[in-house]
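The values are calculated or read from the model by the stated rules, or taken from the named source; none is laboratory data. What you see is a predicted model; the values in this text were computed from it and never measured. Methodologically, a virtual Cβ is constructed for each residue, glycine included, from the backbone with ideal geometry; neighbour enumeration extends over all protein chains shown.
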């Protein structure tokens with residue numbers, strides 16, 4: 001894992017040797033971010049981070065990070081989550097546009 | 001102490017001060033955008049109307065489509081033709097926001113959106129606004145706090161950089177000023 005990169009919580013727990021199934025069942029803190037309950041939770045690691053601490057219940061692990069790339073990176077799993085989120089936003093916008101078109105049509109009829 | 005610094009990126013970054021405007025324009029500073037089209041250039045305008053970013057070749061992120069790219073990806077024009085939005089680099093994003101703190105903090109609940117300048121839940125007046133975080137495959141129609149762009153939580157550190165693509169389109173003729181950009185986050 002690298003600094004200046006975005007990962008899912010599941011990827012980080014796996015890298016730390018923790019059980020991903022404990023998400024939502026035990027208190028999980030990754031890189032200081034507490035209350036993580038979803039494996040799809042996206043976490044960006046800052047460019048100057050050297051390591052991150054992962055805490056699951058009473059277990060604690062430290063992941064040492066590789067040197068960052070100049071351009072921030074996104075893992076394949078994180079990209080999949082972003083694709084899903086993007087589809088949800090696109091659907092929301094399409095629905096909004098449909099609703100606005102209906103209102104215009106109704107206004108024109110009146 | 002917590003500090004926010006906004007930049008319009010370019011060959012050199014232009015700092016966007018609290019009293020400055022982010023100007024979305026036609027091809028040049030101060031030029032109009034056709035109603036329904038998106039901006040061809042982005043600038044930093046001072047409170048007295050000067051072009052603060054004139055020497056910095058500022059970046060521009062023009063909305064092309066919501067889902068016309070590869071596999072339903074959005075599309076953007078960075079000035080050299082249409083590409084998928086998720087191919088944009090950190091340096092290609094028009095906006096860079098740096099949040100720093102004297103001690104290491106995490107940032108969560110981070111949102112970015114445009115509003116009418118008065119009420120954060122209200123959409124900007126007469127403007128369609130699109131935003132995306134670097135790596136997002138689709139634009140977010142980020143108008144009003146309820147429709148805000150969600151920025152990824154960032155693990156602990158003293159300096160956090162956020163790269164955001166922005167694009168705007170006028171819905172009617174005339175200068176649009178009931179249109180402000182807002183960034184909100186929780187740090188702990």
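General remarks:
- Residue A:43 vs. criteria within 25 Å of residue B:91 (Cβ to Cβ) and in a strand (DSSP E or B): yes
- Unique match (being part of a loop (DSSP other than H, G, I, E, B) and either at pLDDT 95 or above or over 21 Å from residue B:20 (Cα atoms) (or both)) among B:136, B:161: B:136
- Looking across the range B:35-63, the residues that are without any contact (Cβ under 8 Å) to a residue 60 or more places away in the chain and surrounded by fewer than 19 Cβ atoms within 10 Å (Cβ to Cβ) come down to B:40, B:45, B:46, B:47, B:48, B:49, B:50, B:51, B:54, B:55, B:56, B:57.
- Among the residues making up the range B:139-149, a single one is facing chain A (nearest Cβ under 8 Å) and assigned to a strand (DSSP E or B): B:140.
- Residues of the range A:43-64 that are within 14 Å of another protein chain (Cβ to nearest Cβ), crowded, with 21+ Cβ neighbours inside 10 Å and either in contact with a helix residue (DSSP H, G or I) (Cβ under 8 Å, 6 or more places away or on another chain) or free of Cβ contacts under 8 Å to residues at least 12 places away in the same chain (or both): A:43, A:52, A:54.
- Applying the condition of being touching a helix residue (DSSP H, G or I) at 6+ places or on another chain (Cβ under 8 Å) and within 14 Å of chain A (Cβ to nearest Cβ) to the range B:96-122 and asking which residue is farthest from residue B:187 (Cα to Cα) yields B:113.
- Scanning the range B:123-136 for residues that are touching a strand residue (DSSP E or B) at 6+ places or on another chain (Cβ under 7 Å) and either over 24 Å from residue B:35 (Cα atoms) or within 14 Å of chain A (Cβ to nearest Cβ) (or both) gives B:123, B:128, B:129, B:130, B:131, B:132, B:133, B:134, B:135.
- Test: residue in the range B:86-107 that is out of contact with any strand residue (DSSP E or B) (no Cβ under 9 Å at 6 or more places or on another chain), surrounded by fewer than 19 Cβ atoms within 10 Å (Cβ to Cβ) and in a loop (DSSP other than H, G, I, E, B): no
- Qualifying residue in the range A:18-28 (condition: within 13 Å of another protein chain (Cβ to nearest Cβ) and surrounded by fewer than 21 Cβ atoms within 10 Å (Cβ to Cβ)): no
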